[in-house]
Structure formats: C-alpha cells, structure tokens
Amino acid sequence: MKALIALSTAAGLTLACSVTAKAEDAALSGKTVCVNRYASAPVIDDILKGMNDGLKASGGEKIVQNIQNPEADAATQQTIAQQFANGGCDLVVVIGTAAAQSIQQATKTVPVVFVGVSTPVEAGIVQSIEKPGGNMTGVSDPLPVESEVDGMLSILPTIETIGLIYKVGDPAGDPLAARAIAHIESKGLKHVTAGIANAGETTQAAQSLVGRVQAIEFPCDTTTISGMAGALKVAKDAKLPVFGCTSDAVKGGAILAGSYSYVTVGMRAADLVVAVLKGADPATTPVVIPKIAGFEINKTEAGALGLKIPETMMTSAVKTY
C-alpha cells in the first residue's frame, strides 16, 4: 500500500512538473525579441552566443529573434530604434550604451534588456542599479580602468605620459576616461587625450599619440571597440604598448585588460529576458553586474616589446596569449 501511494505521489509530481514546464514554454513560445547589436565585434558575438545558450537552457529556444546591426552609424541606429519601438517586438535587447540611449528615447513602454553598458546610472539609462525604474533593466560591465592603469605601472614603472583613446561625448567613454584620467593624475603622471567621433578615427587617434606618450590606455566604449584594430596596428608598428578594454583588445595586441566572460554576460542577459517575458517588471528588476574574471595578458606581445610581466600578475591571469 505504501509503495502504491509512493508511486501515485511520484506520478503526480511528474505530471505537475510537466504541466509547469508546458506553461513556461507557452509563455515564451512565439515571442519576438528584437536585438540591436549596434556594431560588429567579437565581444558582441560572445554576448549573443551566451544569450542564445541561456535562452535554450531556459526553454526559450522558440523565441523569434530579429537581429539588427547599424554598424555604429548614428542615423541607422535611430531608424532601427524607431522600427523596434513601433511594434512587433515583445522585448528589445540592446548592446552598448549609445544604442541603449537610442532605444530609451524611442520607447518608454516596450520592455528593454540592455547588455554591455558600463555606466547605466551615469548615462541616465536607469535610476539606480537596485531599482532601475522605467522600462529598462540589464547587465552592466563596469570596466576596471584604475586597475588597468596600475597594471600598466607595474610593467612600466618609468612611464611619464599616458595616451587615452575614446569616443568623446559617449555616455560610457566620457565617464570611463574621466576615471582613468583622475587615477593617472593621482599617480603624478601626465595624460594626452585623443578623442574620436566614430570608429573610423581610431587609427588617426593612435597616430596622433606616437612620440608623445609612452603607452596608450583604452577606457573602452562600444565605438572604440569596433574600430580598435586600426589603433592597435599603429601602436604595434610604433612599438607603443596598449592597455585596457576587453579581451578583444588583448587578443589583438594590447598587453592586458580587466576581463569579463562575455559569454557569461550574455547568459545573464538571457536570464533577464526570460524573467521579463514571464512578467517581471524591468522597473523593479535589479541590474546584474557579473564578477570580473581578472586580467587577460598578452605575454607574446609583451615579449616582442621587451616588457617583463611581474610573476604575480602572470600566475593570477585568467587567460594569456
């Protein structure tokens, strides 16, 4: 009798779980998530991979995705934002600060999950990390510019002047550059800024720093990331070490950068997408800040420049190239 009761209970639990799973699938099936990826960059590819993996793990594999890429062009970005706001999107995923602000101006009603926004409060995208307010929440990746400058000084203790390349007027670039400048000045060092207006100007910005600085720091914003390859080539030819930004910069020739796993960042975004589609209110859903993995280090590039990476930095690095 006890065995019969146990079997009956187990069957009931299985049926209940099955009904719950079907209900959850129904809440997501057929939903359209409009994705504004803003630019082409490997780090954004990682975000999207992580998001897709996360959606599949959460039963959201039947969500329809409409992915648009303005290639960091402001006019095209505005057009995409208006299209997403005018209907057909159950939720918008937006990557990068400039794109998030564009979507924010276009709609106050369609729920939005942002990803890769380093300074969401300073950019006016949310009221606070704990209580975003409005129709937006997301995943923030505040970059450790101060730690990157400290790492630079550990490798180049005789440095006197540091160059900074970032997009002037960018809601991420400006505050991150301000933090970097404040930290540089607190160390008694000088800085030279080379601001850009678009991704195509990064090469010229790097050229303007050659002979004037002993190293370059990327405070990091989405526009600079998308044009970073040109600046890294100029720096490499001039034997000028570069620090900062994402793992893409380190892979491309920067010496080190504070690193997130952007696949993980994308997975955390997927969690928010699923939660909001199931009824969570973005206004009261806290912004997620993943843990920084640590420094990624390009020991090959450091060796080519004759730079010695301290052993303590090497042993604690999350990835080396």
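Go over the candidates Lys251, Lys236 one by one and state the one that is under 17 Å from Leu156 (Cα atoms) and assigned to a helix (DSSP H, G or I). Answer to the selection: Lys236. One residue stands out among those in the range 177-200 that are out of contact with any helix residue (DSSP H, G or I) (no Cβ under 9 Å at 6 or more places or on another chain) and aliphatic (A, V, I, L, M): the one that is surrounded by the most Cβ atoms within 10 Å (Cβ to Cβ), which is Ile181.
In the range 137-151, the residues that are touching a residue at least 12 places away in the same chain (Cβ under 8 Å) reach residues that are aromatic (Phe, Trp, Tyr) and part of a loop (DSSP other than H, G, I, E, B) with C-beta atoms within less than 7 angstrom, at least six apart or across chains, in these pairs: Asp141/Tyr260. Scanning the range 273-289 for residues that are open to solvent by less than 50 Å² (accessible area, probe 1.4 Å) and among the small types (Gly, Ala, Ser), we see that the one that is nearest to Ser147 (Cα to Cα) is Ala283. All conditions but one from (1) open to solvent by 10 Å² or more (accessible area, probe 1.4 Å); (2) within 30 Å of Gly306 (Cβ to Cβ); (3) modelled with pLDDT under 95; (4) hydrophobic (A, V, I, L, M, F, W, C) apply to Ala123; the one that does not is (2).
When Ile162 is tested against (1) of a type outside the set (Gly, Ala, Ser); (2) surrounded by 24 or more Cβ atoms within 10 Å (Cβ to Cβ); (3) under 20 Å from Met313 (Cβ atoms); (4) modelled with pLDDT under 95, only condition (4) is not met. Could you tell me whether any residue of the range 201-221 is of a type in the set (Ser, Thr, Tyr), within 16 Å of Ala172 (Cα to Cα) and surrounded by 24 or more Cβ atoms within 10 Å (Cβ to Cβ)? Looking through the range 201-221, none of the residues is of a type in the set (Ser, Thr, Tyr), within 16 Å of Ala172 (Cα to Cα) and surrounded by 24 or more Cβ atoms within 10 Å (Cβ to Cβ).
Those residues that are open to solvent by less than 20 Å² (accessible area, probe 1.4 Å) and either touching a helix residue (DSSP H, G or I) at 6+ places or on another chain (Cβ under 7 Å) or of a type in the set (Asp, Glu) (or both), I need them from the range 263-272; list them, please. The answer is Val265, Gly266, Ala269, Ala270. Applying the condition of being among the hydrophobic types (A, V, I, L, M, F, W, C), in contact with a Ser or Thr (Cβ under 9 Å, 6 or more places away or on another chain) and over 17 Å from Thr137 (Cβ atoms) to the range 73-119 and asking which residue is most open to solvent (accessible area, probe 1.4 Å) yields Ala74. Scanning the range 165-205 for residues that are of a type in the set (Asp, Glu) and at pLDDT 95 or above gives Glu185, Glu201. Checked against the criterion of being basic (Lys, Arg) and either at pLDDT below 85 or exposed (fewer than 11 other Cβ atoms within 10 Å of the Cβ) (or both), the candidates Lys56, Lys22 yield just one match: Lys22. Only one of the listed residues (Ile255, Ile297, Ile292) is open to solvent by 10 Å² or more (accessible area, probe 1.4 Å) and of a type in the set (A, V, I, L, M, F, W, C). That residue is Ile292.
Quickly run through the range 129-153 and pick out the residues that are part of a loop (DSSP other than H, G, I, E, B), modelled with pLDDT of 95 or more and open to solvent by 30 Å² or more (accessible area, probe 1.4 Å). Within the range 129-153, Ile129, Glu130, Lys131, Gly134 meet the criteria.
The values are calculated or read from the model by the stated rules, or taken from the named source; none is laboratory data. What you are looking at is a predicted structure, and each value in this text was computed from that prediction instead of being measured. Neighbour counts run over all protein chains shown; Cβ positions are idealised from the backbone, glycine included. Ligands, DNA and RNA are excluded from the accessible area calculation, which covers all protein heavy atoms including side chains. Shrake-Rupley method; radii C 1.70, N 1.55, O 1.52, S 1.80 Å.
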